[in-house]
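Structure record follows, encoded as structure tokens.
The values are calculated or read from the model by the stated rules, or taken from the named source; none is laboratory data. Please read these numbers as outputs of a predicted model, since none were measured by experiment. With ideal geometry, Cβ positions are generated from the backbone for all residues, glycine too; neighbour counts draw on all protein chains shown. These area figures cover heavy atoms from the full protein model, side chains too; ligands, DNA and RNA do not enter into them. Shrake-Rupley method; radii C 1.70, N 1.55, O 1.52, S 1.80 Å.
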Amino acid sequence: MIQFDFEYYSPQSAQEAVKLFQSLEREGKKPAYCSGGTEQLMLGRMNVIHTNAVIDIKDIPECRTLQFERHHLALGSALTLTEITENGGFPLLSKAAREVADHTARNKITLGGNICGQIFYREAVLPFLLTDSKVVTVGDKGKKRYLIHDVFDQQLKLSKGEILISLLIEERYLHQPFASIKVRQRWDTGYPLATISALEIDGRVRCAFSGVCSYPFRSAEVESALNDEALPVGQRVEEAINRLPGPVLDDAQGSAEYRTFVIKHTLFDILGMLKKETL
């Protein structure tokens, strides 16, 4: 049970939600946006987060879009991971979303909720990093569009009160060769250790990682090593691991040494699937 009371609001448009946030902020109520609400419930029960006002954006039409716009697939932030999976318009995203939590949870977890969450996995962001996607937001200065790499650095960095409305993926990326491998502690169930998603674009492999460091990431340095065909594949993988942008996670779920072992063999599998390369 959540140990604090809060006011609940359900605005009908993104602009209304932003104005409501600003008003509640001026009143000192520390408002928070909510779509699926799964993470807020969990962290609220743990007393990690506290708010006096929740603004539910899951029924805002702008956040529910799922359509093509000017050669881009537009996916609303309030779409559930189940809806993303069942749509299938972006197979890599469907694969990544299908492996988040279990089916019951995916019926509640939203695309925006996963990407903007506080937990360090956030696997749903990986396909967007790989495809240089665009992020559409609404804030006190109106609607904005960003390249995802300009606003995602370990987490999505928006201004206070700014809402993630949708993400745009160029049509040319949607059906490129891809691989997405999630390694868990125990076979197909259990706590996740690491996820690596990859696309092959113009003969080069792009990789994005979750559960490797304390944040999801895509690294140009890692990709440079993986695509250095002057080196044997084993050396490429070793060099890629040496270029990870931060320390490998070391926690109760898996030691840094074991995670490094998992990453190494998963990268071998990725290169084998996309470039048909072996040791």
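Of note:
- When the range 147-156 is filtered for residues that are among the aliphatic types (A, V, I, L, M) and either in a loop (DSSP other than H, G, I, E, B) or out of contact with any Leu (no Cβ under 8 Å at 6 or more places or on another chain) (or both), only LEU147 remains.
- Near pairs, Cβ below 6 angstrom, 6+ apart or cross-chain, from the range 187-208 (modelled with pLDDT under 95) to any residue that is open to solvent by 50 Å² or more (accessible area, probe 1.4 Å) and assigned to a strand (DSSP E or B): TYR191/GLN185
- Candidates in the range 127-144 are the residues that are charged (D, E, K, R) and over 26 Å from LEU24 (Cβ atoms); of these, the one that is surrounded by the most Cβ atoms within 10 Å (Cβ to Cβ) is LYS134.
- Within the range 260-279, the set of residues being in contact with a Leu (Cβ under 6 Å, 6 or more places away or on another chain) and not aliphatic (A, V, I, L, M) comprises GLU277 only.
- Just one of the listed residues (PRO247, PRO216) is open to solvent by 80 Å² or more (accessible area, probe 1.4 Å) and under 22 Å from the mean Cα position of the chain (by Cα), and it is PRO247.
- Looking only at residues in the range 150-181 that are within 14 Å of the chain's Cα centre (by Cα) and within 27 Å of PHE268 (Cβ to Cβ), the one that is most open to solvent (accessible area, probe 1.4 Å) is GLN154.
- Being assigned to a loop (DSSP other than H, G, I, E, B) and under 20 Å from LYS58 (Cα atoms) holds for only one residue in LYS144, LYS108, and it is LYS108.
- Matching option when the condition is among the aliphatic types (A, V, I, L, M) and open to solvent by 10 Å² or more (accessible area, probe 1.4 Å), among ALA198, ALA230: ALA230
So that you can scan it fast, the table gives a plain yes or no per residue for (1) under 24 Å from ASN114 (Cα atoms); (2) aliphatic (A, V, I, L, M):
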| position | (1), (2) |
| --- | --- |
| CYS207 | yes, no |
| GLU221 | no, no |
| ALA225 | no, yes |
| GLU238 | no, no |
| VAL248 | yes, yes |
| HIS265 | no, no |
| LYS276 | no, no |
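- The range 111-141 - residue that is aromatic (Phe, Trp, Tyr) and not in a helix (DSSP H, G or I) and, of those, modelled with the highest pLDDT: TYR121
- Top-ranked residue of the range 70-101 - restricted to ones that are at pLDDT below 90 and farther than 18 Å from ALA179 by Cα, ranked as surrounded by the most Cβ atoms within 10 Å (Cβ to Cβ): ALA101
- Against the numbered list (1) in contact (Cβ under 8 Å) with a residue 24 or more places away in the chain; (2) out of contact with any Gly (no Cβ under 7 Å at 6 or more places or on another chain), LYS157 comes up short only at (1).
- Hits in the range 235-244 (condition: of a type outside the set (Lys, Arg), surrounded by 13 or more Cβ atoms within 10 Å (Cβ to Cβ) and more than 22 Å from the chain's Cα centre (by Cα)): VAL237, GLU238, GLU239
- Among (1) open to solvent by 40 Å² or more (accessible area, probe 1.4 Å); (2) modelled with pLDDT of 90 or more; (3) part of a helix (DSSP H, G or I); (4) over 27 Å from SER133 (Cβ atoms), the one test that GLY28 misses: (3)
- Scanning the range 250-279 for residues that are more than 24 Å from the chain's Cα centre (by Cα), within 20 Å of HIS175 (Cα to Cα) and touching a residue at least 24 places away in the same chain (Cβ under 8 Å) gives a single hit, LYS275.
- One residue stands out in the range 102-126 among those that are closer than 19 Å to PRO91 by Cβ and over 12 Å from the mean Cα position of the chain (by Cα): the one that is surrounded by the fewest Cβ atoms within 10 Å (Cβ to Cβ), namely HIS103.
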